[in-house]
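Enquirer: Have a look at the structure that comes next, please.
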Amino acid sequence: MAARQETGSGEPTLIWERPEPPSRPTPSPLSRDRIVQAAIGLADTDGLESVSLRKVAAALDAGPMRLYRYLSTKEELLDLMVDAVYGEIPAPEPADGDWRGTLRSLAHHTRRAALRHEWFADLLAGRPHLGPHALAHTEASFAALYGAPGFDDIDTVLPVVDAVNAYLVGAIRKEISVLRAERVTGMDEEQWQRAAAPYLSRVLATGRYPTLSKVVQDAAHPDAETTFDAGLDYLLDGIAARIAR
């Protein structure tokens, strides 16, 4: 959640309620959008740890203190960045009661946004995001369910959306962790498997892990998108079966 700032009356406001200051004609004009896009560029290139108000100001050829006219803290900047990525996620088409199709579309588009901006996965969990794009995304998730057959009670809708989001966050984080490991180690998945194969073969040969051995030797190992879609289908199938009871 965004950090709060006190108004003149002492009432705290979030970044979403504070108007952007008027622009000033300077050699390096600023706006919240320019600040956010510069921060996203840094995070896309070097990760969240590279984002600071000082580095963003340098990227914009501006003094750091100028940024404080547009936001108060790094936490507010992160909130703005997250909301900008939510703005890249297309709104679902009217689904005519096809709640599964809507949730699947939102999940896949969210995954693709996270693969474009890997740092986004680090900020997906936690307290709800309250920016306008994030709220529109959340609204679409609830609206896909509420009023559909079996979803007349909002207390049924909420845990289903929570379950889908939990799967989404976990699956995306796992996939991105693998991508990061490939960059850190310099080995892709196939190279890593070859390097680990002698050890794993010796361990499995002990017979202590018969089911794991079956998985390693006989199970299909599809690509990341297929795996993501299959897991999502299992979850949606389970939700549909429970609602139909």
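The values are calculated or read from the model by the stated rules, or taken from the named source; none is laboratory data. Please read all numbers here as calculations on a predicted model, not as lab measurements. Quick reminder, even Gly has a Cβ in these numbers, built from the backbone with ideal geometry, and neighbours come from all protein chains shown. Remember, those area values only see protein heavy atoms, side chains included, never the ligands or the DNA or RNA. Shrake-Rupley method; radii C 1.70, N 1.55, O 1.52, S 1.80 Å.
Enquirer: Reachable lysines from Lys55, Cα under 25 Å, same-chain residues fewer than 8 places away excluded?
Expert: Lys74
Enquirer: Between Arg18 and Met187, what length in nm is gained on full extension when 0.36 nm per residue of separation is reduced by their alpha carbon distance?
Expert: 56.2 nm
Enquirer: For the chain, build the convex hull from the C-alpha positions and give me its volume per residue in Å³.
Expert: 180
Enquirer: Do you know the relative contact order of segment 110-245, to the nearest whole percent, from alpha carbon pairs under 8 angstrom that are 6+ apart?
Expert: Relative contact order comes out at 26 percent.
Enquirer: Here is a further query. So how far apart, in nm, are the two label points at Asp153 and Ala136 if each is 7 Å from Cα heading toward Cβ?
Expert: Once both label points are built, they end up 3.3 nm from each other.
Enquirer: Here's a follow-up. What percent do you get for the relative contact order of the chain when only Cα pairs under 8 Å and 6+ apart count? Display every interim value, and only then the final one.
Expert: Details: 190 pairs, mean separation 38.2, N = 245.
16 percent.
Enquirer: Report the accessible area of Tyr86, computed with a 1.4 Å probe over the heavy atoms of all protein chains in place, in Å² rounded to the nearest 10.
Expert: 30
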